[in-house]
Amino acid sequence: MRIVVLGAGVIGVTTAQALDAAGHNVVVVERQSGAAEETSFANGGQISAAHTTPWAAPHMPFQAFKWMFQTDAPLLIKPFRLDPALWRWGLRFLANCTSERETQNFEKALRVAKYSRAVLQSLRQRHALQYNQTSGGILYIYRDQAAALKGKDMAAKLADFGLPQTILDRDGLFAEEPALTRSQEPLFGGVLSPDDETGDAHSFTLALQKISKKSRVTFQFGTTVKALITRNGEITGIATDQGTIKADAYVVCLASNTPRLLKPLGLDVPIYPAKGYSMTAAIHSGSAAPSRSITDEGKFVVITRIGNSLRAAGTAELAGWDRSLNPKRLAPIIQATQSLFPDAADYNQIEPWCGLRPATPDSVPIIGGTPYANLFLNTGHGTLGWTMACGSAQALADLMSGRTPEIDLDGLGLERFNS
Ligand SMILES: Cc1cc2nc3c(=O)[nH]c(=O)nc-3n(C[C@H](O)[C@H](O)[C@H](O)COP(=O)(O)OP(=O)(O)OC[C@H]3O[C@@H](n4cnc5c(N)ncnc54)[C@H](O)[C@@H]3O)c2cc1C
């Protein structure tokens, strides 16, 4: 089958590779001049099944309201914007803020994330992929007893879902990560999520693109998709600024741009951009930088060593599709990193970046078919697209190839928002 994949972020490229491996003839269409130039460019680098707790939770409406009045809040929602897409998304988000939905959504996201890690490991065995990967686990840190207790509860929940965690007191935390002894802030303890991994999503995507290109996948960069053309309940082509492209089937991997392109087809896809920021700095002193990725639960920041660089990422701002970089939103990330690892890097010489996380109201990606027989979606991976990429791609490729996916796709498709 000839298949067009729309978008060459980490999701589009993994999808193309999985479809190619299943024997299809794949063309990837991307508006940028290369792969992973948008949200997959400089993310937090964590491949973290343990981090799949959905944003929508019973405490969140009250918490988000408090954050509305705080410019450096980790999650900033601007509800007074005249943006009906944000209001509609917000109402669906609120509907997911029950403990029952929270547990269901957690299970769904975890299902994809755990599977994805296994698919990534198997890909690594088959191909020489270099992306500054580490597999020593991810360390959650807590500043006080109350936070540590919450971390302990979460660890117990994750263990129930088959992800055993190690609880650490202060000495245990410093033994696992000696660079934390230089922290300027007091630390109480931590949790080690031993099976999580890290790596650079951008390098990974480029490495996989190279492999796919050597195979049969064609990449058509610098090509913007303008519309999907339909007839009799099927897609007959995509209109681009470089002409029409036709195929037997189409997969949309357009992240936050998905709703705009699918709206004219009568498809309501609830994805809203959640802008996040990162900084990358060259490591000056190896022993002063963390060897393991850190999740700072108090500051909502993740810090990952990527080769000889330190990457820190965080914040989420629900304020539309604007991709401009606001230094005030980045500053708390730099401060948090500097206070934990003061001598690791020169924090005046950082590479700033921001990207739009494609967030769904339930923090679960959208993987599966649509009412159009030959149109498929692999999109809306929010905060964890790198974590979920390989598994989402494999499951969709199996579905499209008439094979039973290795994970149950029930509850992951677009239909969940209309039932
Ligand atoms: C600050 C930050 C930190 C993060 N940290 C982590 C982390 O530690 N771990 C993790 O798992 N995830 C993390 N994420 C989330 C992760 O980066 C995303 O979920 C993931 O990159 C989404 O991949 P994607 O391929 O769907 O989107 P993208 O990479 O944005 O790809 C979509 C592609 O579609 C193209 N496109 C859009 N419209 C068109 C059009 N009309 N025509 C042609 N092409 C088009 C775009 O150019 C883009 O290349 C983080 C995100 C942010 C912002």
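What to note about this one:
- Restricting attention to the stretch 139-159, the residues that are assigned to a helix (DSSP H, G or I) and either among the acidic types (Asp, Glu) or touching a Lys or Arg at 6+ places or on another chain (Cβ under 7 Å) (or both) add up to 1.
- When the stretch 165-192 is filtered for residues that are among the acidic types (Asp, Glu), in a helix (DSSP H, G or I) and surrounded by 15 or more Cβ atoms within 10 Å (Cβ to Cβ), only Glu176 remains.
- Sole exception among (1) closer than 18 Å to Gly380 by Cα; (2) more than 21 Å from the chain's Cα centre (by Cα) for Asn96, by number: (2)
- For Ser33, the conditions (1) surrounded by 16 or more Cβ atoms within 10 Å (Cβ to Cβ); (2) touching a residue at least 60 places away in the same chain (Cβ under 8 Å) are fulfilled apart from (1).
- Checking each residue of the stretch 1-12 against the condition of being surrounded by fewer than 20 Cβ atoms within 10 Å (Cβ to Cβ), farther than 23 Å from Ala227 by Cβ, touching a residue at least 24 places away in the same chain (Cβ under 8 Å) and not charged (D, E, K, R) gives no match.
- Considering Gly136, Gly162, the condition of being surrounded by 14 or more Cβ atoms within 10 Å (Cβ to Cβ), part of a loop (DSSP other than H, G, I, E, B) and under 27 Å from the mean Cα position of the chain (by Cα) is satisfied by Gly136 alone.
- Here Leu396, Leu356, Leu412, Leu375 are screened, and the one residue that is within 30 Å of Thr98 (Cα to Cα), touching a strand residue (DSSP E or B) at 6+ places or on another chain (Cβ under 7 Å) and more than 14 Å from the ligand (Cβ to nearest atom) is Leu412.
Residues checked against (1) more than 24 Å from Gly391 (Cα to Cα); (2) out of contact with any Phe, Trp or Tyr (no Cβ under 6 Å at 6 or more places or on another chain); (3) in contact (Cβ under 8 Å) with a residue 40 or more places away in the chain; (4) of a type in the set (Asp, Glu):
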position	(1), (2), (3), (4)
Met60	yes, yes, no, no
Trp87	yes, yes, no, no
Ala95	yes, yes, yes, no
Phe106	no, yes, yes, no
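For every residue, the table says whether it meets (1) exposed (fewer than 14 other Cβ atoms within 10 Å of the Cβ); (2) hydrophobic (A, V, I, L, M, F, W, C); (3) closer than 12 Å to Asn374 by Cβ.
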{"position": "Phe219", "(1), (2), (3)": "no, yes, no"}
{"position": "Lys226", "(1), (2), (3)": "yes, no, no"}
{"position": "Thr230", "(1), (2), (3)": "no, no, yes"}
{"position": "Gly233", "(1), (2), (3)": "yes, no, yes"}
{"position": "Gln242", "(1), (2), (3)": "yes, no, no"}
{"position": "Lys246", "(1), (2), (3)": "yes, no, yes"}
{"position": "Val251", "(1), (2), (3)": "no, yes, yes"}
{"position": "Lys263", "(1), (2), (3)": "yes, no, no"}
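- Screening Tyr347 with (1) more than 15 Å from the ligand (Cβ to nearest atom); (2) aromatic (Phe, Trp, Tyr); (3) within 20 Å of Met68 (Cα to Cα) gives one miss only, at (3).
- Within this structure, Pro270 passes the test of being in contact with a Lys or Arg (Cβ under 7 Å, 6 or more places away or on another chain) and of a type outside the set (Ser, Thr, Tyr).
- When we screen Ile271, Ile238 for residues that are touching a Pro at 6+ places or on another chain (Cβ under 7 Å), of a type in the set (Val, Ile, Thr), more than 20 Å from Leu310 (Cα to Cα) and crowded, with 22+ Cβ neighbours inside 10 Å, the only hit is Ile271.
Every number in this text was worked out from the coordinates using simple rules, so none of it is lab data. Source: prediction; values computed, not measured. Neighbour counts are summed over all protein chains in view; Cβ atoms, including those assigned to glycine, are modelled from backbone coordinates with ideal geometry.
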